[in-house]
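Just dropping this structure here.
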């Protein structure tokens with residue numbers, strides 16, 4: 001047990017270096033203060049802006065009659081957007097958790113920081129290209145700028161841009177899921193970029209959000225497969241997002257952007273399998289490769 005904890009501590013202190021010899025540069029006091037203050041500001045801002053979005057991942061499992069009973073201005077016709085509201089919730093949880101966990105021991109949360117960066121950059125692409133440049137600047141660019149500044153101030157900022165090693169089993173599962181998810185992303189993005197007149201899903205940028213879900217699963221799965229410190233959070237986000245989407249598709253198959261029965265089942269099975277691989281990796285000490293045997297000098 002003590003050996004496992006030692007291995008985990010080594011991976012947290014020096015991701016990608018099982019020997020633990022790589023020295024980590026400590027950020028300056030001023031930079032660390034700036035990071036902590038900015039992390040608090042960004043976390044609170046996202047929580048305030050996305051509080052209802054976070055709830056959507058839960059309430060979109062309720063019957064529409066139940067929702068209408070406690071949400072006064074919810075139109076009956078909005079039920080066609082049920083899956084998209086659920087996806088908004090999934091994406092919001094992925095973004096918010098990646099930022100909020102930076103409030104405590106950020107040097108052990110580089111994977112979560114990458115998780116948030118990947119989501120806002122992908123969101124910038126999907127939302128920016130689907131609307132006018134004015135709408136993008138006023139509605140979508142602020143979270144992107146805030147998260148990127150937070151990453152720049154991060155105490156392990158240099159680690160964020162270094163090529164990591166990947167855990168073979170988890171990376172293989174991500175590669176297996178890449179083809180169907182990329183097809184899904186492409187289909188949803190095309191629907192958004194066409195922006196057919198009268199398409200309420202396109203007007204509300206719901207197709208773009210659905211495409212972003214695919215990015216969340218693949219990107220978080222990839223980061224969760226890496227040796228970046230704190231890899232467990234993105235790994236669990238990827239698995240749970242796939243499970244949630246698959247189950248929602250099975251329960252509400254008529255909702256736009258939800259998968260067919262076979263693909264819904266596949267998404268659930270993949271999510272569970274990925275989580276099992278993450279748990280197995282965690283129990284083995286969180287390593288991506290077997291540490292090399294070295295003699296003490």
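The values are calculated or read from the model by the stated rules, or taken from the named source; none is laboratory data. Note that this is a predicted model, so its numbers are computed, not measured. Backbone-built Cβ (ideal geometry, glycine too); neighbour counts: all protein chains shown.
Could you list all residues from the stretch 226-253 that are in a loop (DSSP other than H, G, I, E, B) and touching a residue at least 60 places away in the same chain (Cβ under 8 Å)?
Passing the criteria: 227, 228, 229, 230, 231, 252.
Pick from the stretch 244-271 the residues that are within 18 Å of the chain's Cα centre (by Cα) and under 16 Å from residue 178 (Cα atoms): which of them is surrounded by the most Cβ atoms within 10 Å (Cβ to Cβ)?
Across the stretch 244-271, the extreme among qualifying residues is 245.
Would you say residue 222 is crowded, with 16+ Cβ neighbours inside 10 Å, within 17 Å of the chain's Cα centre (by Cα), assigned to a helix (DSSP H, G or I) and modelled with pLDDT of 95 or more?
Yes: the conditions hold for residue 222.
Moving on to the next point. What are the residues in the stretch 59-74 that are outside any helix (DSSP H, G or I) and at pLDDT 75 or above, if any?
The answer is 60, 61, 62, 63.
Yes or no: the stretch 141-164 includes at least one residue that is in a helix (DSSP H, G or I), modelled with pLDDT of 85 or more and farther than 19 Å from residue 118 by Cβ.
no
Right, residue 16: in contact with a helix residue (DSSP H, G or I) (Cβ under 6 Å, 6 or more places away or on another chain), modelled with pLDDT under 65 and either more than 25 Å from residue 201 (Cβ to Cβ) or assigned to a helix (DSSP H, G or I) (or both) or not?
no
Mind counting the residues in the stretch 225-238 that are surrounded by fewer than 23 Cβ atoms within 10 Å (Cβ to Cβ), modelled with pLDDT of 95 or more and over 10 Å from the mean Cα position of the chain (by Cα)?
1
Could you give every pair whose Cβ atoms fall below 8 Å, whose first residue belongs to the stretch 149-170 and is closer than 17 Å to residue 102 by Cβ, and whose second residue is at pLDDT below 90 and surrounded by 20 or more Cβ atoms within 10 Å (Cβ to Cβ), counting only separations of at least 6 or pairs across chains?
159/15
Next question. Of the numbered conditions (1) crowded, with 24+ Cβ neighbours inside 10 Å; (2) modelled with pLDDT under 95, residue 241 fails exactly one; give the number of that condition.
Only one criterion is unmet by residue 241, namely (2).
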